[in-house]
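The values are calculated or read from the model by the stated rules, or taken from the named source; none is laboratory data. Computed from a predicted structure; not experimentally measured. Positions of Cβ are backbone-derived with ideal geometry, glycine not excepted, and every protein chain shown enters the neighbour counts. For accessibility, only protein heavy atoms count, side chains too; no ligands or nucleic acids. Shrake-Rupley method; radii C 1.70, N 1.55, O 1.52, S 1.80 Å.
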Amino acid sequence: MVIVQQIPRILSTLCQNSFKRLLIYHNYKLNKNMSSLSSVPLVDIDPSGVFKYILINVYEEVKSGQEPKMTIARGYKRCNYHSDIYDEVQAKLSPLDCEPLGGGRISHDPENKKIHIYGYSQGYGKADHEITAKLIKAAFPEYTITISDEGY
């Protein structure tokens, strides 16, 4: 009989503890997302060569009308298609939400400290090369950055 009388108190304590764990978990996830967003580099491109790149908007969560938190540029020789780059970046940045803005190509010549941004993506269209150039210039301030709408 004593146990039956204690059930409301036990349930109340269990609910409070569950609620506390839930809050701690969500605060952890929120802080993890915040720190992961702040640790995302604006530019990640291969150290040399000619390769495809994409410009991506990154959001803290599903982009339901909110402004992007950052715009990033990614380019890798290992990716045969612009969509391969997007798939790789989206998986790496999960649970952040990503939106491809367009693509092109980058020619990276580290010996001469030159980066040329040009072309377009058949799948995503042409990225705004001016935005890409600003991002890359900030990451490679000692480089000469050029852009062109010519080429594929």
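Select, from G125, G102, G119, the only residue that is on the phi > 0 side of the Ramachandran plot and open to solvent by 20 Å² or more (accessible area, probe 1.4 Å). Give the steps one after another, and end with the answer.
Values: G102 fails: open to solvent by 20 Å² or more (accessible area, probe 1.4 Å); G119 fails: open to solvent by 20 Å² or more (accessible area, probe 1.4 Å).
Exactly one residue qualifies, and that residue is G125.
Of all residues in segment 128-139, count the ones that are open to solvent by less than 40 Å² (accessible area, probe 1.4 Å) and farther than 19 Å from S83 by Cβ.
Residues in segment 128-139 being open to solvent by less than 40 Å² (accessible area, probe 1.4 Å) and farther than 19 Å from S83 by Cβ: 4 in total.
Could you figure out which of (1) modelled with pLDDT of 95 or more; (2) more than 22 Å from P47 (Cα to Cα); (3) over 17 Å from the mean Cα position of the chain (by Cα) isn't true of G65?
Against the list (1) modelled with pLDDT of 95 or more; (2) more than 22 Å from P47 (Cα to Cα); (3) over 17 Å from the mean Cα position of the chain (by Cα), G65 comes up short only on (1).
Can we say G123 is among the small types (G, A, S), in contact with a Ser or Thr (Cβ under 8 Å, 6 or more places away or on another chain) and assigned to a loop (DSSP other than H, G, I, E, B)? Spell out how you get there, then give the answer.
Working: among the small types (G, A, S): yes; in contact with a Ser or Thr (Cβ under 8 Å, 6 or more places away or on another chain): yes; assigned to a loop (DSSP other than H, G, I, E, B): yes.
The answer is yes for G123.
What residue, of S83, S107, is under 15 Å from the mean Cα position of the chain (by Cα), polar (S, T, N, Q) and open to solvent by 30 Å² or more (accessible area, probe 1.4 Å)?
One residue alone meets the criteria, S83.
Can you list residue pairs whose Cβ atoms sit under 6 Å apart, with the first residue in segment 115-126 being closer than 16 Å to S148 by Cβ and touching a residue at least 12 places away in the same chain (Cβ under 8 Å) and the second being in a strand (DSSP E or B) and of a type outside the set (G, A, S)? Count only pairs 6 or more apart in sequence or on different chains.
Matching pairs, first to second residue: I115/H108; I115/I145; H116/T146; I117/I106; I117/I147; Y118/R105; G119/R105; Y120/K126.
I'd like to verify a number: residues in segment 33-62 that are modelled with pLDDT under 60 and either of a type in the set (S, T, N, Q) or under 15 Å from G103 (Cβ atoms) (or both), how many?
Counting residues in segment 33-62 that are modelled with pLDDT under 60 and either of a type in the set (S, T, N, Q) or under 15 Å from G103 (Cβ atoms) (or both) gives 2.
If I ask for residues that are among the aliphatic types (A, V, I, L, M) and touching a Lys or Arg at 6+ places or on another chain (Cβ under 8 Å), which ones from segment 112-142 would you list?
I117
Between residues in segment 91-111 that are without any contact (Cβ under 8 Å) to a residue 40 or more places away in the chain and under 18 Å from R78 (Cβ atoms) and residues that are surrounded by fewer than 20 Cβ atoms within 10 Å (Cβ to Cβ) and among the basic types (K, R), which pairs lie under 6 Å by C-beta distance while being six or more apart or on different chains?
none
Of the residues that make up segment 18-32, is at least one under 16 Å from the mean Cα position of the chain (by Cα), basic (K, R) and at pLDDT 95 or above?
no
If a residue must be open to solvent by 50 Å² or more (accessible area, probe 1.4 Å) and in contact with a helix residue (DSSP H, G or I) (Cβ under 7 Å, 6 or more places away or on another chain), how many such residues does segment 86-99 contain?
1
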